[in-house]
Amino acid sequence: MYTSVCKGTEGHAYPHDLVEFIYQQWRSPSFIERLCCAGGDTSLQLPDPVVLEQVISICYQASLLREEERPIMFRLILRDAELFPVEEGPPTGLHRLIFSKLRPFNEYELHRLAPAADFHRTLIGVTTVSGDGAHIWGLVHSGARWMQSVYGGRKTFAPLPLALVVYVTGPGHITVCVGSEIVASLIGGQINCPTLDVFNSRWIADSLATVRAEMWEMHLAARARSETRWATLDPEFGKNVGQQVMRRIVSVVRNSHHGGMLVYLPPEMTQEILGDNRYMTIKYQFLELESRERFRRLTLQIMNTMAEVHGPYEAGKMVGWQEYVTSNDEAIALLDEAIFDVAHFMGVLAAVDGAVVITKRQELLGFGGVISGDIDKVATVNHALDIEGSVVEPVSSEGVGTRHRAAYRLCQELHEAIVLVISHDGNVQIVKWHNGSVTYWDQVPAGIPGF
């Protein structure tokens, strides 16, 4: 989840405001704690404010240019070339390439370099020269694995070094990071600062507790039937897989620029929601066949296979997400590819008007779901300001689109439903009946394509 801090003339923020906010964050105990938790080093020094504002302002101006009618997108890293390893490269390292002479750092040079510095794979290397501002020294090839933190996935990748990194992803869309940790974004004239991830909230865990307990019992039953020794599996492992897959589904919908809606319902509602009911109709329903539960079966297979392949030599050790990430086992790799293919498929279904309807067991019921207009309208909803929704502000529902209003109506009637609404511009809302009211959490994009 992200909080928005709007500053500047008439409520709009600009590069100067972003630089000022970054320096404020740098002195904030909460940011220092977040940086430490991400493995960061708080001894890193920011550039001189004048230099940093030069960098951000030029990136801002470059973002307003276009390349053959396409918006300019690039990443740059503010770090001297000699600080990068000489002989490393993707997929597990960074490959630096130094120009024969320094290039000027201005919006026109960035415009020319952007097509060669593919956003998903390459960064533009920038250095600061005392008394002479910023200059471009070359390119840093990172590979695309870093995007798994956005799209979901398990492959290992080299984290960016502890240096200032700037993402430009569209007109006026600037994100500033320390390595891979986001400090703040300037989007639509607002400064957005990341806070905690709502997918890690206690209320989501409570909502899915019964389903996850059921999956865990199935895993233990398979373990008991096995004739070989299995390693002990981390009870949180299934949740970690589910979160990564959810990120992939949402990122697919966001990247379509069409928008969409995902409706999660209690498993016991399956028959009711597929028949005549007062809540919604699903235009494209899937038959009650085993294929409808592929996601759930793959998750269980991954859990069982992880415990089995680590059993012979790690029977006394608990294995979990880290072992999954580093596993070279072919069966694990195939299952990982399979489950993310299902996630992509589910995300693509959202391109059809209406909702993709899924149970909390991840059983895919159908798509093209239309929420009934007979359900009473919701005049006011609560906007959650923290991860658990303990701090909220009431807002009118009049200022949002039809998808959002439909989600509010459904959650008012079905208190156990969870609805994800993705706008065509990439904004994500998570809607739920919470503490006696329809409540939504904003997942404001931080300027990075995907979730």
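Throughout, read-outs are computed from the coordinates displayed, never taken from laboratory work. Please read all numbers here as calculations on a predicted model, not as lab measurements. No Cβ is skipped: glycine too gets one built from the backbone with ideal geometry, and neighbour counts run over all protein chains shown.
Show log10 I(q)/I(0) for the chain at q = 0.07, 0.11, 0.12 Å⁻¹, two decimals, from a solvent-free Debye sum over equal Cα scatterers.
Result of the Debye calculation: -0.40, -0.96, -1.12.
On a 0 to 90 degree scale, rounded to 10, what angle separates helix 402-413 from the longest Cα axis of the chain?
40 degrees
Can you give the extra length, in nm with one decimal, that the chain gains between A209 and E67 once fully stretched, where that is 0.36 nm per residue apart less the Cα-Cα distance? Please report the intermediate quantities before stating the final value.
Numbers: separation 142, 0.36 × 142 = 51.12 nm, distance 4.88 nm.
Here the segment from A209 to E67 would lengthen by 46.2 nm.
For A144 and V325, what is the calculated FRET efficiency with R₀ set at 22 Å and r taken between the beta-carbons, to the nearest 0.05?
Details: r = 16 Å, r/R0 = 0.74.
Rounded to the nearest 0.05, the efficiency is 0.85.
Rounded to the nearest 0.05, what FRET efficiency is calculated for A333 and S130 with R0 set to 60 Å and r the Cβ-Cβ distance?
Working: r = 49 Å, r/R0 = 0.82.
The computed FRET efficiency comes out at 0.75.
Let me check I've understood the local charge: for H434, count other residues with C-beta under 13 angstrom from its C-beta, Lys and Arg +1, Asp and Glu -1. What total comes out?
Values: positive: R202, K432; negative: D206, D386, E388, E416.
After counting each charged neighbour, the total is -2.
Treat the count of other C-beta atoms within 10 Å as a stand-in for reagent exposure and order S291, S185 from fewest to most. Intermediate results must be reported in sequence, preceding the final value.
Numbers: S291 10, S185 26.
Fewest to most other Cβ atoms nearby, the residues stand as S291, S185.
Could you pull out every residue, at least 5 positions away or on a different chain, whose amide H is within less than 5 Å of the one on M280? Hs are placed 1.01 Å off N in the peptide plane, and Pro or chain starts have none.
For M280, the qualifying residues are S372.
Modelled label-to-label distance, Q271 and E398, 7 Å Cα→beta-carbon offset: nm?
4.4 nm
Fewest Cβ neighbours within 10 Å first, please rank R294, R96, R27 accordingly.
Details: R294 19, R96 22, R27 8.
Sorted ascending by nearby Cβ count, the order is R27, R294, R96.
Sort F340, F345 so the one with the fewest other Cβ atoms within 10 Å of its own Cβ comes first. Walk me through the numbers on the way to the answer.
Details: F340 20, F345 14.
With the fewest neighbours first, F340, F345 line up as F345, F340.
Could you work out how far apart the two model spin labels at I98 and E227 are, taking each label as a point 7 Å from the Cα in the direction of the beta carbon, and quote it in nm?
6.2 nm
Report the extension gain between S372 and A116 in nm, rounded to one decimal, defined as 0.36 nm multiplied by the number of residues separating them, less their alpha carbon distance.
Working: separation 256, 0.36 × 256 = 92.16 nm, distance 4.92 nm.
Contour length minus the Cα-Cα distance gives 87.2 nm.
Can you give the angle from 0 to 90° between the axis of helix 209-225 and the longest principal axis of the chain, with both taken from C-alpha atoms, to the nearest 10?
Rounded to the nearest ten degrees, it is 80.
Can you give me the distance in nm between label points at H424 and T281, each placed 7 Å from the Cα along the Cα-to-Cβ direction?
Each label point lies 7 Å from its Cα, and together they span 2.5 nm.
Rounded to the nearest 500 deg cm²/dmol, what is the calculated helix-only ellipticity per residue at 222 nm for the chain, with -39500 (n - 2.57) per DSSP H run of length n ≥ 4?
Details: 14 runs with 153 residues, N = 451.
Helix-only estimate at 222 nm: -10000 deg cm²/dmol.
If you wrap a convex hull around the C-alpha atoms of the stretch 198-443 and split its volume per residue, what is the figure in Å³? Walk me through the intermediate numbers first.
On the way: hull volume 31.5 nm³, N = 246.
Given the Cα convex hull of the stretch 198-443, per-residue volume reads 128 Å³.
What angle do you read, to the nearest 10 degrees and between 0 and 90, between the alpha-carbon axis of helix 15-26 and the longest principal axis of the chain?
With rounding to tens, the tilt is 70 degrees.
Run the paramagnetic zone check for S390: 7 angstrom along Cα to Cβ, then residues of the stretch 176-220 with backbone nitrogen under 18 Å.
What the label zone holds, given the 18 Å backbone N cut-off, is 195-207.
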